[in-house]
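Just below is one structure, and these are the notes that go with it.
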Amino acid sequence: MRLLPRICKSFAPGLLALALTGAPDSHSAEQLGAAIASAHPLATAAGHEILGRGGNAFDAAVAVAAVLAVVEPYASGLGGGGLWLLHRASDGRQVMVDARETAPASVRPELFVDASGKPVHAATTRGGTAAAIPGAPAALVHVAARYGALPLAATLAPAIRHARDGFQVDERYARSAASRERLLRDDAEASRIFLDGDRAPRAGWRLRQADLAATLEVLAREGSAGFYDGPVGRALVESVNRGGGVWRLADLTTYRVIERAPLRFQYRGASVTTATLPSAGGIALAQCLQMLERFETGDVRTPRDAHLVVEALRRAFRDRAAYLGDPDFVMVPVERLVSRAYATERAATIDPGAATRSEAPEREPGGVGSTSTTHLSVVDAAGNRIAATLTINLVFGSGIVARGTGVLLNNEMDDFTVRAGVSNAFGLRGGAANAIAPGKRPLSSMTPTFVEDAKGVLILGAPGGSRIVSQVALAVLDYVHSPAVDLAAIVSAPRYHHQWWPDRVEVEPGAFSPAWRAALEAKGHRVESAPRRWGNMQAVFKSKQTGIAQAVSDPRGADF
Ligand code: DON
């Protein structure tokens, strides 16, 4: 297990390529004040290809996202959604493109419970009922049209190439497919495309996705209508409903991305821009950091500071469960929740010497996710930046591929709260604010974030379900608390997590000493090792002093 990312440098004529990579195969690279970090080397390469053709950061991000949809089909794709945080250099405009999936209009809560009213986990995680209306294709079209400089025919070209010609799958693919072999086998199309015969392939096997290449071509040619209407749209509806879903074509044709003002706050002099609702991530980040500002903090890996971070996370996640949901459906007191006054009030309830108890009945904890969902961070030479977290939720989503389209559908319905007091796949609980309703967007944890201070600009995000929030919080704290920037150290530093419920501090295995654990236990925390490390952070930093941009991919990307 490698704790520190490798640093390698290479020089090419007219191009300085300085690669700070987190895994043996380079996922991240920089050129002339531009940098791209993504979870797959083919995706990063596509982004650079587009920058080399005169595209801006937004074009590059579209290319990267589209290639990720092809090469990490277990993590994101046209059948999923995402949140794209943009900063346009020419006028400083900052926007969050909300491409979150929506519940279909005919959805009924009864679809997700048994005769006695008990939630059926499989109904929100497998098959047609699990799939919400995808936002990913609309995001590609929207970001390209409104912010890009190149046509989709150019930015989708690398993805179309990899889908049509195929590529050799890596260990992550092989392990992800093995972990969901049964799910994939249950769907003839998923099995035909993603398995070798009816078994998970080994690394090195060539994955060809001719149908997906054709769907991407239609999207490039016809824009949104090429996906949400016509033969592709009809195939989606037909396949989802054959799998038990209740989609109608109108659910697809009326899908729209929403441009929302991102959340902004200050933390010890740094400006943080992050996701707003329907993600809970940015709100939790704002609450957590502003509570911590009320204390003297330094190294947040010391037991003293870790206790404070855990207590702040506990309070933020409790508010998430109590108040947060799709803002177009429920009134959420966001302004109050992220206000400094509220942070002061909540921080006053933190005892530096003792853990607070989370009051709720105990239930099973959720799993550690990392290969489902993906993140990309890009900055270009002009200073345009983008942080996008993209998801189909759990590994290989709902397992349904719409016939003839190559589109694997998400299982984002599991991000709703089916019943108060019952946890979802990430152990998250919620209430009425996040209840299922027609057309509603499920609450997310995705936290694409920018941090700007005198040192420069940090662009980051990660997969990991509820653990996204603590990963991003720790990275922002590390960045702000340090006078110099060691991006590789920030991304690889050991992680701990708390999410109010279950009431325990989860730590990466082997990352913290027995003395560290004992110090937290002495304050009343239950400390538990997770089965494995989590997250696959993708971070970019551009220095204000030198103008040099660097990218780092999480070394944990090689773990899965
Ligand atoms: O939007 C969310 O919060 C989840 N669908 C994200 C899932 C995730 O990060 C899975 N992890 N690897």
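The values are calculated or read from the model by the stated rules, or taken from the named source; none is laboratory data. Here the structure is a predicted model, which means the values were calculated and not measured. Please note: Cβ atoms are built from the backbone with ideal geometry, for glycine as well, and neighbour counts cover all protein chains shown. Surface accessibility is based on the protein's heavy atoms, side chains included, excluding ligands, DNA and RNA. Shrake-Rupley method; radii C 1.70, N 1.55, O 1.52, S 1.80 Å.
How much net charge surrounds residue 238 when only the other residues with a Cβ under 12 Å from the Cβ of residue 238 are counted, with Lys and Arg +1 and Asp and Glu -1?
That sum, taken over residues with Cβ under 12 Å, equals +3.
What dipole magnitude, in Debye to the nearest 20, does the chain give about its Cα centre under +1 on Lys/Arg Cβ and -1 on Asp/Glu Cβ?
With only Lys, Arg, Asp and Glu charged at Cβ, the dipole is about 240 debye.
Carbon and sulfur: what percent of the stretch 123-190's accessible surface (1.4 Å probe)?
48
So for the stretch 218-295, considering every pair of alpha-carbon atoms, how many percent are separated by more than 19 Å?
Counting every Cα pair in the stretch 218-295, those more than 19 Å apart make up 58 percent.
Where a ≥ b ≥ c are the square roots of the eigenvalues of the C-alpha gyration tensor, would you call the stretch 270-325 rounded, which needs a/c under 1.5, or, failing that, prolate if a/b is larger than b/c, or oblate?
Judged from the Cα gyration tensor, the stretch 270-325 comes out oblate (a/c at least 1.5, b/c at or above a/b).
Once you sort the root eigenvalues of the Cα gyration tensor of the stretch 371-506 as a ≥ b ≥ c, which label holds: rounded (a/c under 1.5), prolate (a/b larger than b/c) or oblate (the other case)?
It comes out oblate by the Cα gyration axes.
Near residue 542, which aspartates and glutamates are there with a Cα under 13 Å away, not counting those fewer than 8 places off in the same chain?
Leaving aside aspartates and glutamates fewer than 8 places away in the same chain, those within reach of residue 542 are 30, 380, 452, 453, 486.
Using the Cβ atoms and a cut-off under 10 Å, what net charge is assigned to the surroundings of residue 383, where Lys and Arg are +1 and Asp and Glu are -1?
+2
Per 5 Å bin from zero, what fraction in whole % of the C-alpha pairs of the stretch 511-560 is there, up to the bin with the longest pair?
5, 16, 14, 12, 12, 13, 12, 9, 6, 0
For the stretch 67-163, just say rounded, prolate or oblate: build the C-alpha gyration tensor, square-root its eigenvalues into a ≥ b ≥ c, call rounded for a/c under 1.5, and beyond that prolate if a/b exceeds b/c, oblate if not.
Prolate shape, in that a/c is at least 1.5 and a/b is the bigger ratio.
When you count, for each residue, the other Cβ atoms within 10 Å and take the mean per peptide, how do 284-296, 438-450 rank with the highest first?
438-450, 284-296
When ranked by the protection proxy of mean other Cβ atoms within 10 Å per residue, highest first, what sequence do the peptides 328-334, 166-172 form?
Going by the mean number of other Cβ atoms within 10 Å, highest first, we get 166-172, 328-334.
Starting from the Cα of residue 106, step 7 Å along the direction of its Cβ; do the same at residue 185; then give the gap between the two resulting points in nm.
Each label point is offset 7 Å from its Cα along the Cβ direction, giving 3.1 nm.
Can you list the DSSP H helices in the chain whose Cα atoms extend at least 24 Å along the helix axis and whose mean Kyte-Doolittle hydropathy is -1.0 or higher?
303-323
Within 10 Å, count the other beta carbons around each residue, average over each peptide in 254-260, 42-48, and list them highest first.
Answer by packing, highest mean first, reads 42-48, 254-260.
List the equivalent ellipsoid semi-axes of the chain in whole Å, largest first, each obtained as the square root of 5λ for an eigenvalue λ of the Cα gyration tensor.
The answer is 33, 29, 22 Å, longest axis first.
Keeping every protein chain in place, order 481, 162 by accessible area at 1.4 Å, biggest value first, i.e. largest first.
Putting 481, 162 in descending order of accessible area: 481, 162.
What number comes out for accessible area per residue over the chain if the probe is 1.4 Å? Units Å², please.
Result: 34 Å² per residue.
Of all the accessible heavy-atom surface of the stretch 477-560, with the other protein chains kept in place and a 1.4 Å probe, what percent is carbon and sulfur?
After summing per-atom areas, the C and S share lands at 58 percent.
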